[in-house]
Amino acid sequence: ADRLESAFTAQKLFISDAAHELRTPLASMKTAVTYALGQPDVEPERQQLLIGLSSRLETMERLINDLLLQARADEAETTATDRLVNVAAIVAETAEAFQPLFEENGIRFSLNMDGLSPGKRLYVKGDSKQLLRLFSNLLDNATKNTPAGGEVSLEVTTDGVKVVIKVNDTGCGIAPEHL
């Protein structure tokens with residue numbers, strides 16, 4: 001059992017390290033492909049090749065992000081305790097941080113907290129850093145995929161027992177194979 005536990009720990013560490021190490025070269029490749037696509041004199045064949053590469057790089061980026069998310073979740077399982085955190089405050093903080101980005105991109109943003117004032121306390125069991133990262137990732141994706149003139153909404157509702165948090169946008173949506 002100890003050997004198995006040690007092997008699982010080593011595997012989790014490897015996945016986390018590999019994902020982190022892959023991010024830098026992937027970012028460099030994405031920058032190069034994006035730059036090449038932005039050049040005015042790109043021949044149609046080369047443009048198609050670059051578009052294909054861009055698509056593959058996005059797929060790799062999602063895979064790496066999924067690996068990092070899994071590694072963080074595994075780490076959180078072993079280190080975090082289920083503390084009560086004020087999710088209303090975390091949502092409000094995230095919304096406030098993203099408001100300038102939405103404005104800069106010409107996107108209308110609304111925060112609906114089901115009649116809860118921003119100072120309202122709404123507790124859930126969890127890790128505040130992980131929740132902040134989750135909401136930031138959702139709003140970041142909405143920003144990237146919603147065109148100027150579009151809308152993004154962040155909604156928090158509760159029935160007294162459970163809390164539901166929804167991010168809606170008028171962007172292109174998530175392809176069914178990625179849901």
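The values are calculated or read from the model by the stated rules, or taken from the named source; none is laboratory data. Remember, predicted model here, so these are calculated numbers, not experimental data. Every residue, glycine as well, gets a Cβ built from its backbone with ideal geometry; the counts of neighbours run over all protein chains shown. The accessibility values were calculated without ligands, DNA or RNA, using every heavy atom of the protein model including side chains. Shrake-Rupley method; radii C 1.70, N 1.55, O 1.52, S 1.80 Å.
The table that follows gives values for the structure above.
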| quantity | calculated |
| --- | --- |
| Residue identified as under 17 Å from the mean Cα position of the chain (by Cα), modelled with pLDDT under 90 and open to solvent by 60 Å² or more (accessible area, probe 1.4 Å) among 34, 79, 59 | 59 |
| Matching option when the condition is within 20 Å of the chain's Cα centre (by Cα) and surrounded by fewer than 11 Cβ atoms within 10 Å (Cβ to Cβ), among 40, 100 | 100 |
| Test: residue in the stretch 28-42 that is within 30 Å of residue 160 (Cβ to Cβ), without any contact (Cβ under 8 Å) to a residue 24 or more places away in the chain and either part of a helix (DSSP H, G or I) or not aromatic (Phe, Trp, Tyr) (or both) | no |
| Every residue from the stretch 142-156 that is of a type outside the set (Asp, Glu) and surrounded by 15 or more Cβ atoms within 10 Å (Cβ to Cβ) | 142, 143, 145, 146, 150, 152, 153, 154, 156 |
| Which numbered condition residue 53 fails, given (1) in a helix (DSSP H, G or I); (2) farther than 22 Å from residue 140 by Cα; (3) open to solvent by 100 Å² or more (accessible area, probe 1.4 Å) | (3) |
| Cβ-Cβ under 8 Å pairs, at least 6 apart or on other chains, the stretch 49-74 side within 19 Å of residue 32 (Cα to Cα), far side outside any helix (DSSP H, G or I) | 50/42 |
| Of all residues making up the stretch 95-116, the number that are touching a helix residue (DSSP H, G or I) at 6+ places or on another chain (Cβ under 7 Å), assigned to a helix (DSSP H, G or I) and at pLDDT below 90 | 2 |
| Positions within the stretch 137-148 being touching a Gly at 6+ places or on another chain (Cβ under 6 Å) and touching a residue at least 40 places away in the same chain (Cβ under 8 Å), in sequence order | 146, 148 |
| The stretch 150-168: number of residues that are in contact (Cβ under 8 Å) with a residue 40 or more places away in the chain, assigned to a strand (DSSP E or B) and closer than 23 Å to residue 106 by Cα | 5 |
| Candidates 12, 125 - the one that is of a type in the set (Lys, Arg) and either part of a strand (DSSP E or B) or at pLDDT 80 or above (or both) | 125 |
